[in-house]
Amino acid sequence: MHGSASPGWLLFALCAVTGAYCLLRTRSAVEEQRRTAGAEALMGFGMAAMAVPAAVMAPPHWAWGAWAAVFGAATVRAGWAARSGGHHLHHLVGTGAMVYMAAVMSLAPSASGHHGHGAAAGPPAVTGLLALYFAGYVLWSGARLVPAAAALGGDTRGAVPWRDRVELAHACRLSMAMGMLAMLLMR
């Protein structure tokens, strides 16, 4: 990333905290929360690792291929789960975007460049389509977050454990979508 490393560190912190929360959600009493929490934790930690500023840690060139393989396997798993619909389709797009970002980074002219600042004047079509998807998802998910929090009302918040709260799972997905959008825009 050109200039200050602060945006990269902020993105790292957002994704790492989100990944940690999703990892803790794997202990949820709600089956759907447990089923998706592991995949979301992988996304959060993977995005955090990709967001570390290149000036601090430049991964070896082979690391991008390893990331593509890990998220390629996650894409296959998400594709299998997406047969039932729901937000598994979003996981499919998200893991596919991670494969794409890893591939772009592996092809970047500078092996130390995290964010693939190529010579192209504008973003490739895939980057643009993914950015549009994640921008739309951020708006849609943010609009859903407010009613979910308001539906819980006053006294019911103490009755639902923090790892089972639906609005926190929505906030987790929202923050990862914002992180992915930022990564795509910084590309």
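Could you identify the single residue in G96, G65, G86 that is at pLDDT 90 or above, more than 19 Å from G8 (Cβ to Cβ) and more than 14 Å from the chain's Cα centre (by Cα)?
Working: G96 fails: more than 14 Å from the chain's Cα centre (by Cα); G86 fails: at pLDDT 90 or above.
Matching residue, one of G96, G65, G86: G65.
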Residue pairs, Cβ under 7 Å, 6 or more apart or interchain, first in the range 17-37 and basic (K, R), second buried (at least 16 other Cβ atoms within 10 Å of the Cβ). List them. R25/Q33; R25/A37; R25/R163; R25/A169; R27/R163; R34/S28
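Please specify each residue of the range 27-56 satisfying the condition of being part of a helix (DSSP H, G or I) and either more than 20 Å from A73 (Cα to Cα) or in contact with a strand residue (DSSP E or B) (Cβ under 7 Å, 6 or more places away or on another chain) (or both).
Of everything in the range 27-56, those that are part of a helix (DSSP H, G or I) and either more than 20 Å from A73 (Cα to Cα) or in contact with a strand residue (DSSP E or B) (Cβ under 7 Å, 6 or more places away or on another chain) (or both) turn out to be R27, E31, E32, Q33, A51.
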Tally up the residues in the range 25-52 that are more than 16 Å from V104 (Cβ to Cβ), touching a Ser or Thr at 6+ places or on another chain (Cβ under 9 Å) and buried (at least 18 other Cβ atoms within 10 Å of the Cβ), please. 10
Enumerate the pairs (first residue in the range 154-169 and of a type in the set (D, E); second residue anywhere and assigned to a helix (DSSP H, G or I) and at pLDDT 70 or above) with beta-carbon separation below 7 Å, excluding pairs fewer than 6 apart on the same chain, so at least 6 apart or on different chains. D164/Q33; E167/L145
Within the range 150-187, take every residue that is in contact with a helix residue (DSSP H, G or I) (Cβ under 9 Å, 6 or more places away or on another chain) and assigned to a loop (DSSP other than H, G, I, E, B) and give me the one that is modelled with the lowest pLDDT. L152
Scanning the range 58-75 residue by residue, those in contact with a His (Cβ under 9 Å, 6 or more places away or on another chain) and either in a loop (DSSP other than H, G, I, E, B) or surrounded by fewer than 16 Cβ atoms within 10 Å (Cβ to Cβ) (or both) turn out to be A58, P59
Within the group A49, A54, A58, which residue is at pLDDT below 95 and under 12 Å from the mean Cα position of the chain (by Cα)? A49
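The values are calculated or read from the model by the stated rules, or taken from the named source; none is laboratory data. What you are looking at is a predicted structure, and each value in this text was computed from that prediction instead of being measured. All Cβ positions, even for glycine, are placed from backbone atoms using ideal geometry, and neighbour counts span all protein chains on display.
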